[in-house]
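Written below as structure tokens is the structure these notes are about.
Read-outs throughout are calculated quantities, based only on the coordinates presented, and are distinct from any laboratory measurement. Fair warning: this is a prediction, and the values are worked out from it, not measured in the lab. Positions of Cβ are generated from backbone atoms using ideal geometry, with glycine treated the same way; all protein chains shown enter the neighbour counts.
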Amino acid sequence: MPLKINGGVIRFEQVDFHYDPKRQILFGLNFEIPAGRTLAVVGSSGAGKSTLSRLLFRFYDVSGGRILIDGQDIRDVTQASLRAAIGIVPQDTVLFNDTIYYNIAYGRPDASRDEIIQAAKHAHIHTFIESLPDKYDSMVGERGLKLSGGEKQRVAIARAILKNPHILIFDEATSALDSKSEKAIQAELKQISENRTTLVIAHRLSTIVDADQILVLDHGRVVEAGTHRALLEKNGVYAHMWSLQQRESTAQEAESDLARV
Ligand SMILES: Nc1ncnc2c1ncn2[C@@H]1O[C@H](COP(=O)(O)OP(=O)(O)OP(=O)(O)O)[C@@H](O)[C@H]1O
Ligand SMILES: [Mg+2]
């Protein structure tokens, strides 16, 4: 039967997962994202963050426990209805060997040209597309124009905006952008995630300070949870990551100041 969305509450209950039985990746994860709220997941590379989004989209099934959306086990609903409810901006966007127009329209194939252009504008890629010789008809992918990492991310963001789903997943959605573009797009992402249940996976902590809840994942286990403020006060893993990143960004600013003189 199809998934019935009523607010879009996401629950992970005692979720265990392994890709290979010899190596467990997630250990008894429990968390809930209330309807319309934003949960951020941070943690070191390989901790299992992207795996969460793959499980939610059912690229894989859990090895133990269950994942519920509005009380329905995602294994009990049709895959088409599940995937229709979720928009993902993945860590690595794969583009089709087709026009950039087609690649954005993939988010919702029945969208009008106007809606596609609006989505591209919100994703800050319209001006770039208009600057191409063939504009929206430019071919991209292996046999066409090679887009940069940041351009591909913006195509993926445009797709998600066009899809207009109940649930959003951003997996390092702006990691390939420079900090100025990142700020501009963050504002858009914040707007589209308003009143939608959102899972954000982020490396740069400055992009998730407003999340309703932050989970720190380490080797497949939640080691800390709370708001940005509560986690800073706790002075644990998150606070340490935060101060490291603050120092890095100050160093980078100093470097770019030097480069200017
Ligand atoms: N298809 C797969 N088959 C086997 N192991 C996998 C597969 N995909 C991921 N893994 C392993 O699962 C672990 C968690 O991967 P995951 O992609 O969830 O990490 P992550 O927290 O998103 O890391 P990053 O911050 O680098 O993106 C890693 O150790 C990875 O090697
Ligand atoms: Mg990842």
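Table for the structure above
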read-out	value
Relative contact order for the chain, counting Cα pairs under 8 Å that sit 6 or more residues apart, in percent	25
Global form of region 191-261, assessed from the alpha-carbon gyration tensor, a/c cut-off 1.5	oblate
Those residues of region 207-233 whose amide nitrogen sits under 20 Å from the label point placed on N30, 7 Å along Cα→Cβ	213-227
Selection from V209, A254, P90, by position along the positive dipole direction of the chain (Cβ)	P90
For region 22-73, size of Cβ-based charge dipole, Lys and Arg +1, Asp and Glu -1, in debye	280
Charged-residue dipole, Cβ positions (Lys, Arg, Asp, Glu), the chain about Cα centre, Debye nearest 20	260
For the chain, the Rg and Dmax computed from alpha carbons only, in angstrom	19.1, 64
Amide H contacts of L168 (H built 1.01 Å from N, under 5 Å, at least 5 apart or other chain)	G87, T197, T198, L199
Theoretical ellipticity at 222 nm over the chain - DSSP helices of four or more residues, -39500 (n - 2.57) apiece, nearest 500	-11000 deg cm²/dmol
Gained length - S45 relative to A80, 0.36 nm times residue gap less alpha-carbon distance	9.6 nm
Most mobile listed residue (F170, F57, F128) in the chain, GNM with C-alpha springs under 10 Å	F128
Gap separating the Cα centres of region 149-209 and region 40-71, nearest whole Å	18
